[in-house]
Amino acid sequence: MKLIDTHAHILKSSFKEGLETVIKDLNTREMKSINVAFDIDSSVEALNIFKTNKNIFPTVGIHPSDTKKYNLKQLKRIESLITSDIVAIGEIGLDYHYDGYDKETQKKAFIDQIELAKKYSLPIIIHTRDSLDDCYEIIKNYPNQKFLLHSWSGDIKMTKNFLKISNNIYFSYNGIITFKNALIQNETIGSIPIERIMFETDCPYLSPVPHRGKTNYPWRVEEVIKYCAKKLNIEFNKLNDINIKNAYDFFEIDGKEN
């Protein structure tokens, strides 16, 4: 069965004792994954993994939680890593969840990296937590830019606001939607055009039920899709094919896997 996980962290920091085993298992299953970076080191690592695993597509970017020491030198370093192998800038965005965040620095890093993606015609993977209003105010200024709102958690009103920006806004769902308290996610998924939805794991985090609390793996995207297929009253194979098509369209993967 062909699968694609549109947001995973297939990195040493994620699987300290078993990264090679995870990659081997992923290859055995003949599945693909977007390997999402969160700082300079993980961006370099994702690129290196792709050299020998053409089904694990790399991104580059600086996560908002890693912007405390952000400066233009770091931006230039990220830019220096951009090659034809890169499928997206991300994950980038805003995160006001934990105390001590610097809102203005996060915004600057976010906007700078959006401009970088625009310069190189790359799509963007967005991380937004407790920051949806500010995130919306920023990306509404880029209607021609492709954005994927990863681990979507906005309510119906916010979902509609983002949908109105342009047809370039996509949303992805992960194991959270299988949780009993995920009322918002279960409500919003039916309000989004199916051609603008994708599915992910965010592994090693957010394992779907019944694996909640355990290490997550890329192949568990199958369980997320199965859950959502029932929710949307769509056959699993059809929704899986839609996920693959949407991912290929968004990330422009064709030609990179050879």
- Query: Considering S65, S33, S80, S14, which residue is more than 24 Å from Y170 (Cα to Cα) and within 18 Å of the chain's Cα centre (by Cα)?
  - Reply: S14
- In the set I111, I92, I86, I169, the lone residue that is aliphatic (A, V, I, L, M), in contact (Cβ under 8 Å) with a residue 12 or more places away in the chain, surrounded by fewer than 20 Cβ atoms within 10 Å (Cβ to Cβ) and closer than 26 Å to E252 by Cα is I111
- Task: Please state which one of Y227, Y217, Y205 is under 20 Å from the mean Cα position of the chain (by Cα), of a type in the set (S, T, Y), over 29 Å from L47 (Cβ atoms) and open to solvent by 50 Å² or more (accessible area, probe 1.4 Å).
- Result: Y227
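One line per residue, one yes/no per condition, for (1) among the acidic types (D, E); (2) surrounded by fewer than 19 Cβ atoms within 10 Å (Cβ to Cβ); (3) out of contact with any strand residue (DSSP E or B) (no Cβ under 7 Å at 6 or more places or on another chain); (4) within 20 Å of I253 (Cβ to Cβ):
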residue: V22; (1), (2), (3), (4): no, no, yes, no
residue: L26; (1), (2), (3), (4): no, no, no, yes
residue: E30; (1), (2), (3), (4): yes, yes, yes, yes
residue: N35; (1), (2), (3), (4): no, no, no, yes
residue: L47; (1), (2), (3), (4): no, no, no, yes
residue: P58; (1), (2), (3), (4): no, no, no, yes
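With respect to S153, is the statement that it is open to solvent by 20 Å² or more (accessible area, probe 1.4 Å), within 19 Å of the chain's Cα centre (by Cα) and not acidic (D, E) true? Before the answer, list the steps.
Details: open to solvent by 20 Å² or more (accessible area, probe 1.4 Å): yes; within 19 Å of the chain's Cα centre (by Cα): yes; not acidic (D, E): yes.
Against the criterion (open to solvent by 20 Å² or more (accessible area, probe 1.4 Å), within 19 Å of the chain's Cα centre (by Cα) and not acidic (D, E)), S153 qualifies.
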- Enumerate the strands (runs of 3 or more DSSP E) found wholly within the range 1-102, keeping only those where 3 or more residues are closer than 24 Å to K245 by Cα and not polar (S, T, N, Q). 4-8, 56-60, 88-95
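The values are calculated or read from the model by the stated rules, or taken from the named source; none is laboratory data. Bear in mind the structure is a predicted one, so any value in this text is a computation, not a measurement. Here Cβ is always computed from backbone atoms with ideal geometry, including for glycine, and neighbour counts include all displayed protein chains. In case anyone asks, the SASA skips ligands and DNA or RNA and just uses the protein heavy atoms, side chains included. Shrake-Rupley method; radii C 1.70, N 1.55, O 1.52, S 1.80 Å.
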